[in-house]
Amino acid sequence: MSGEIYQRADSPFWWVWFYDATGVRRYKSSKSKDEAVARKLLATIERKVRAEKESGLAGAGSGPITVRRYAERWLNERRARGVASADSDEDRLQHVFPLIGDMILSEVRPRHVLQLVRALEAKRNEQGKKKLAPRTILHVYGALRVMFSDALTEELIAATPCVLKQRRGELPKKLDRDPTWRREAVFTREEVLMLVTDQRLPERHRVLYALENLGGMRVNEISPRRWRDYLPGAAPLGKLVVDTSYASKRKVLKAATKTGVVREVPVHPALARILAAWHAEGWARQYGRSPEPEDFIVPSVDGGLLSSSSSYKRLLEDLELLGLRRRRQHDARRTFISLAIGDGARKELLRWVTHGPEGDIVDAYTTPPWHVLCEQVAMFKLTLPEGLLPSGSAVAVTSVLRQEKHSMDTATSMWRRRESNPQHGTTQFRGRIALTRDFPGDFGPSSSRPVPRHAA
């Protein structure tokens, strides 16, 4: 028998007794004179005890399941499942442990979480000068909310305590500590050109900056890219396949990107020239031999995986050498998106290059044609000085894109004529105007679609 309800002479309420997950007999009042309420309470307790035993966190001598103990197991399981945010979640929960880490998981209430948020809002760094940014506090609360939601699913708690609302003033607004910094968190076109061409910088650094600023990739996505991931023969632009990322903090190569999707990144004409020169001569000068397909495109000094922390230190040193103000590595990604859109690229298409599909049902049924994505990347205007690098395919690529655009314009014109006058052609294109507007290369069934000039 795991438990039972009973009445006590000194109390008007029904009581329950039960064995907890550690095998200790416990007693609890139902705070009700209704027998049915007491039986319902006992059933709830028994489910929780079973869940604690199944979690592996409970047992003789293990003590109660605290927030810290559950969080450690929760983070390990997220890493095992390949959840991209596991490392970030661990960093965020470090703000939680000093305040409620030793509390029993099931005893945390909304008031405790509210007190936690208030304490974080007043928290200062070691120098006592800067508070945590509101955005950071929201990230901490977000990680805690997901953790308690999973604990609720496991039936380790009866209800989640993370029920705070921004509209009630319980959570801060999503702002940065310095609201003005994001506006300046980009490189200018001239600064990008300096970073990828200035001979005062090591060539390995310049190639990395080119991949960041002209490819829009995260550092942890560039680090594991091998030469076999680069397909320079794809048309109208070369292709970089991004299917893995490197967790430099744990030194683990993850078989997934941050967003969990495989991306194909069109290689900007200027980036293609830089990679061609790097592959032909630069890589061998740095590492003493010609690169093989399994070699990393931009390895560390010793040929291994590049660390984001060490590359950030090098960036700060290089910016100081060039006389440029400090910026983050991630600002290169912001630069690529901002300058490309400023030059005419469409953000809903550029998103497929930098992030992949958003995940809604429409994206699941949508694949923009390769040449359309190439056209968005090629709109980013950056011209390398002649003679600085071996001549590349920039002119040829531009010519191909122009031919593709002419082919699409011609096909669109044919489609419109057929729609306006079905007697001059088949009506199978009817109803396709939305797709044609968004992705001009998609003209319906393959039997009636213009034959592409290249393979996507």
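Just so it is clear, none of the values below were taken in a lab; they were calculated from the coordinates. Because the structure is a prediction, the values reported are computed rather than measured. Reconstructed Cβ throughout: ideal geometry from the backbone, glycine too, with neighbour counts over all protein chains shown.
Cross-link partners of LYS131 among aspartates and glutamates, defined as those whose alpha carbon lies under 12 angstrom from its own and excluding same-chain residues fewer than eight positions apart: GLU121, ASP176, ASP178.
Going by Cα centres, the range 286-303 and the range 186-212 are how many Å apart? The distance from the Cα centre of the range 286-303 to that of the range 186-212 comes to 19 Å. Packing here is the average count of other Cβ atoms within 10 Å per residue, and on that basis the peptides 139-150, 93-104, 279-290, highest first, run 139-150, 93-104, 279-290.
The order of the peptides 267-273, 209-215 by mean Cβ neighbours within 10 Å, most packed first, is 209-215, 267-273.
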